[in-house]
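Scroll down for the structure; my scribbles are underneath it.
The values are calculated or read from the model by the stated rules, or taken from the named source; none is laboratory data. Just so you know, these numbers come straight off a predicted model, no measurement behind them. Cβ: placed from backbone, ideal geometry, glycine included. Neighbour counts: every protein chain shown. SASA here: full protein model, heavy atoms, side chains in, ligands and nucleic acids out. Shrake-Rupley method; radii C 1.70, N 1.55, O 1.52, S 1.80 Å.
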Amino acid sequence: DLSLLRFISAELTRGYFLEHNEAKYTERRERVYTCMRIPKELEKLMFFGIFLCLDAFLYVFTLLPLRVFLAMFRFITLPCYGLRDRRLLQPAQVCDILKGVILVICYFMMHYVDYSMMYHLIRGQSVIKLYIIYNMLEVADRLFSSFGQDILDALYWTATEPKERKRAHIGVIPHFFMAVLYVFLHAILIMVQATTLNVAFNSHNKSLLTIMMSNNFVEIKGSVFKKFEKNNLFQMSNSDIKERFTNYVLLLIVCLRNMEQFSWNPDHLWVLFPDVCMVVASEIAVDIVKHAFITKFNDITADVYSEYRASLAFDLVSSRQKNAYTDYSDSVSRRMGFIPLPLAVLLIRVVTSSIKVQGVLAYVCVVLFYCGLISLKVLNSIVLLGKSCQYVKEAKMEEKLFNPVLTATPGKPAGKQQSMFKSTQGVSTDENGSTSVTNQPVHQKENTPSLLVTSNSDQFLTTPDGEEKAISQDSSELKHRSSKKDLLEIDRFTICGNRID
């Protein structure tokens, strides 16, 4: 009997049972819980990564000058000991001297760049033009960071390559001039970024600062609705760590310049404090929202950030081994795209121009400040090393420190078994086939267990199709393990979030 009253009665009394679709609603609830966990897990990763960047940054000011002094002392006193070694200097000492010379040359070159003229030139531009300039500077900074470490690595390898090898390079001096030019140009670029941010802080209506902060929220639109895999999210996390640390240094430079203009009046610091907090808060909020929705749309759990943290910790622990392939500061540069030399040159330039050292007491204060920096560096390194050992142990990655490096014979392609071991034992190769610097070949072990924490979030396969077909003929466990690309294989940082195939 169809009637209006019967239809209304059915609409008012109609029921349904959610338990009939229990799996769906349980999944929805877990997604909500994951989004709630993201801020905590992400900030733990950011906190650890920022202190890693701080450790690499303090190394330039504290231990690098001492290491350069020791290397120069060995070079000067070498005739007293005789040429018992085939090398005049160890490779690490050569790299330290090159870093120190590049730092000194670029510092003196920066004296020819007038900060005040640059400030007034940027201040005279319109707001919309400054907004466009700031976006262009961000893109240029990423491009410089991506290519800059390759230039420095090429210089270090050219200077330390064994002499008996066939000459396949243009020489140390051309590479050295390329490195000096890169560090100088990158330092100028960061100076323009800091100057633009300083203009935004000193504008009367704060419109430029608001527009620059809104640019962070545009980043959400460009990344949230893209498909992300576990490895790509690792790249983005490293990029965010580097970006946040760089912003902290830029804010420090802005505060130093403003305090100098107001004769170091502490009252002016409280005027800058709200704007600094606003910039930092917007950066944190954007990162949280971005990562929360990326993990939601790609079904990635919050536990993946503990794996990222363990991978960063592995770099630190492996660099402390006796036969380490690289210095830790270079490892951070490759992993995060953070190159401390240009930023250090700019900070030294700003500090020396803002603070005048006159009198014996001033020099005593400088020495005490330097001793304090060394103490901070040593304390930070000890704490980071202890935490890193803890994270590596929790992730069951200790065996990876003692795995052999398996490489294919030159001129012969790697077989099925080698292709599987390349993923499970962490032999990372870049596009040119060179072995990654983050792996440590020491003692051989057989039947190494799974090294990274297994996560349900790792659902995207990044192995090429041909390799998948070859592995599919073996056991299902080896196929599952070898079809995933190890996080430790990502030692070449690229800012853009493209696929890693």
Result of the Cβ filter at 8 Å on the range 316-329, keeping first residues that are open to solvent by 30 Å² or more (accessible area, probe 1.4 Å) and partners that are assigned to a helix (DSSP H, G or I) and at pLDDT below 80, at least 6 apart or interchain, is Arg320/Tyr328; Gln321/Leu401
For the range 145-154, check the following and say yes or no: at least one residue is part of a loop (DSSP other than H, G, I, E, B) and either within 25 Å of Val199 (Cα to Cα) or without any contact (Cβ under 8 Å) to a residue 40 or more places away in the chain (or both). no
Flag if Ile105 is closer than 19 Å to Thr160 by Cβ, β-branched (Val, Ile, Thr), modelled with pLDDT of 90 or more and surrounded by 13 or more Cβ atoms within 10 Å (Cβ to Cβ): no
Check off (1) touching a residue at least 24 places away in the same chain (Cβ under 8 Å); (2) in a helix (DSSP H, G or I) for Val113 and give me the number that stays unchecked. (2)
Within the range 51-83, track down each residue that is closer than 21 Å to Tyr305 by Cα and open to solvent by 30 Å² or more (accessible area, probe 1.4 Å). Phe51, Leu54
Quick one: Tyr370 ticks every box in (1) touching a helix residue (DSSP H, G or I) at 6+ places or on another chain (Cβ under 6 Å); (2) surrounded by fewer than 18 Cβ atoms within 10 Å (Cβ to Cβ); (3) among the aromatic types (Phe, Trp, Tyr) bar one, so which box is it? (1)
Which of the residues spanning the range 330-363 are open to solvent by 70 Å² or more (accessible area, probe 1.4 Å) and not aromatic (Phe, Trp, Tyr)? Ile355, Lys356, Gln358, Val360, Leu361
Take the residues in the range 283-315 that are of a type in the set (Lys, Arg) and either open to solvent by 20 Å² or more (accessible area, probe 1.4 Å) or farther than 26 Å from Ser223 by Cβ (or both), then tell me which one is modelled with the lowest pLDDT. Lys296
Quick one: in the range 1-44, of everything that is in contact (Cβ under 8 Å) with a residue 60 or more places away in the chain and either over 18 Å from Glu307 (Cα atoms) or polar (S, T, N, Q) (or both), which residue is most open to solvent (accessible area, probe 1.4 Å)? Arg31
What are the pairs, 6+ residues apart or on separate chains, where a residue within the range 267-296 that is without any contact (Cβ under 8 Å) to a residue 12 or more places away in the chain has its Cβ under 7 Å from a residue that is exposed (fewer than 15 other Cβ atoms within 10 Å of the Cβ)? His268/Phe262
Specify which of the listed residues (Arg6, Arg29) is farther than 24 Å from Ser319 by Cβ and within 37 Å of the chain's Cα centre (by Cα). Arg29
Scanning the range 291-318 for residues that are closer than 19 Å to Phe48 by Cβ and charged (D, E, K, R) gives Asp303, Glu307, Arg309, Asp315
Tell me, yes or no, whether the range 192-209 has at least one residue that is farther than 27 Å from Leu256 by Cβ and part of a helix (DSSP H, G or I). no
Name every residue in the range 179-194 that is crowded, with 23+ Cβ neighbours inside 10 Å and of a type outside the set (A, V, I, L, M, F, W, C), in order of residue number. Tyr182, His186
Odd one out for Phe47, checked against (1) over 30 Å from Ser306 (Cα atoms); (2) open to solvent by 80 Å² or more (accessible area, probe 1.4 Å); (3) under 25 Å from the mean Cα position of the chain (by Cα): (1)
All positions within the range 259-282 that are under 18 Å from Met46 (Cβ atoms) and either of a type in the set (Val, Ile, Thr) or loosely packed, with under 14 Cβ neighbours inside 10 Å (or both): Val276, Cys277, Val279, Val280, Ala281
Determine which member of the set Leu341, Leu269 is under 23 Å from Leu152 (Cα atoms) and in a helix (DSSP H, G or I). Leu341
Working carefully through the options Lys242, Lys221, Lys206, Lys226, find the one that is touching a Phe, Trp or Tyr at 6+ places or on another chain (Cβ under 6 Å) and charged (D, E, K, R). Lys242
Quick check on the range 125-143: of everything there that is at pLDDT 85 or above and open to solvent by less than 60 Å² (accessible area, probe 1.4 Å), which residue is nearest to the chain's Cα centre (by Cα)? Asp141
Among the residues of the range 198-215, are any touching a residue at least 40 places away in the same chain (Cβ under 8 Å), under 30 Å from Ile105 (Cα atoms) and either of a type in the set (Lys, Arg) or crowded, with 19+ Cβ neighbours inside 10 Å (or both)? yes
Considering only residues that are open to solvent by 20 Å² or more (accessible area, probe 1.4 Å) and among the acidic types (Asp, Glu), look in the range 216-257 and name the one that is nearest to the chain's Cα centre (by Cα). Glu243
